[in-house]
Each structure stands twice: as C-alpha cells, then as structure tokens.
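First up is the structure itself, then whatever we jot down about it.
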Amino acid sequence: MSRTICFFTGTRAEYGLLRPLMKAVASTPGAVLNTFVTGTHLAESSGATWREIAADGLPIDERVEVLLDSGTDESICTSIGLGVMRYGEALKRLAPDMLVILGRPL
C-alpha cells in the first residue's frame, strides 16, 4: 500500500531546505510525493520560483494563490484569510496521508 506525502512550500528559501527530503520521498518505493506550492513561489515579482521545483523534476499538484501585491497591513491580513480558505480546499482535494511543513520550534 502506498502512502501519499504532501510537501507544503511557499518560499525559495524553505524549498531549498525541503528539496533533499522531497527527492528522497519521490524515489522511495511505496511513497507518493505531492507538492503544494503557494506564496512567493507563484509571484512573478519574486521570480516565480515554482519553476525551480518543476526544473527539479518534482510534481506540482496544487498551486494556491494567496498573495496580494500591495504589501499593506490590510493586504497581508487578506492573504492570510485567503490562505486559510484555499489551503483547506486544496488539502481536501489531495487527501494526503501526511503533510510536511517546514518550521522551527519556539
């Protein structure tokens, strides 16, 4: 039985840290890699770094647009709200067995 492991990535910096683990999952028998791409990866103004993920040969299963370009406090709050709604919808579609999100302990 295969297990679907979904990686959430929103920035080039954290993708660089996740990439080795993502490639390991992709090459593991019985594991299915999903990627959930959002944030600055999708922004042309930030270099559209989703292309790096594709160039690495990794799938992009969900692209969730949440950024608003203005950078005001209000637009940041709106982006957070959009993320909460859209991330839930995307995860429902993907239905992974596991979700990997890079973070750090407080």
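The values are calculated or read from the model by the stated rules, or taken from the named source; none is laboratory data. Computed from a predicted structure; not experimentally measured. Glycine gets a Cβ as well: all are built from the backbone with ideal geometry, and neighbour counts include every protein chain shown.
What the table shows:
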| read-out | value |
| --- | --- |
| Members of region 22-49 found to be part of a helix (DSSP H, G or I) and within 13 Å of E65 (Cα to Cα), listed by number | G39, T40, H41, L42, E44 |
| Matching residues in region 13-51 - criterion: being more than 9 Å from the chain's Cα centre (by Cα), at pLDDT below 90 and of a type outside the set (D, E) | T40, L42, A43, S45, S46, G47, A48 |
| Count - residues of region 52-87 that are more than 13 Å from the chain's Cα centre (by Cα) and part of a helix (DSSP H, G or I) | 13 |
| Test: S2 is farther than 23 Å from D97 by Cβ, of a type in the set (S, T, N, Q) and loosely packed, with under 13 Cβ neighbours inside 10 Å | no |
| Subset of region 76-91 that is more than 13 Å from T9 (Cα to Cα) and of a type in the set (S, T, Y) - its residue that is surrounded by the most Cβ atoms within 10 Å (Cβ to Cβ) | S79 |
| Residue match in region 58-75 (condition: at pLDDT 90 or above and loosely packed, with under 12 Cβ neighbours inside 10 Å) | no |
| Residues of region 88-103 satisfying the condition of being under 14 Å from the mean Cα position of the chain (by Cα) and either touching a residue at least 60 places away in the same chain (Cβ under 8 Å) or within 16 Å of H41 (Cα to Cα) (or both) | L91, L94, P96, M98, L99, V100, I101, L102 |
| Near pairs, Cβ below 6 angstrom, 6+ apart or cross-chain, from region 20-38 (under 16 Å from I101 (Cβ atoms)) to any residue that is assigned to a strand (DSSP E or B) and of a type in the set (D, E, K, R) | F36/E62; V37/R63 |
| Sole residue being touching a Leu at 6+ places or on another chain (Cβ under 8 Å) and within 20 Å of G103 (Cβ to Cβ), chosen from E14, E65 | E14 |
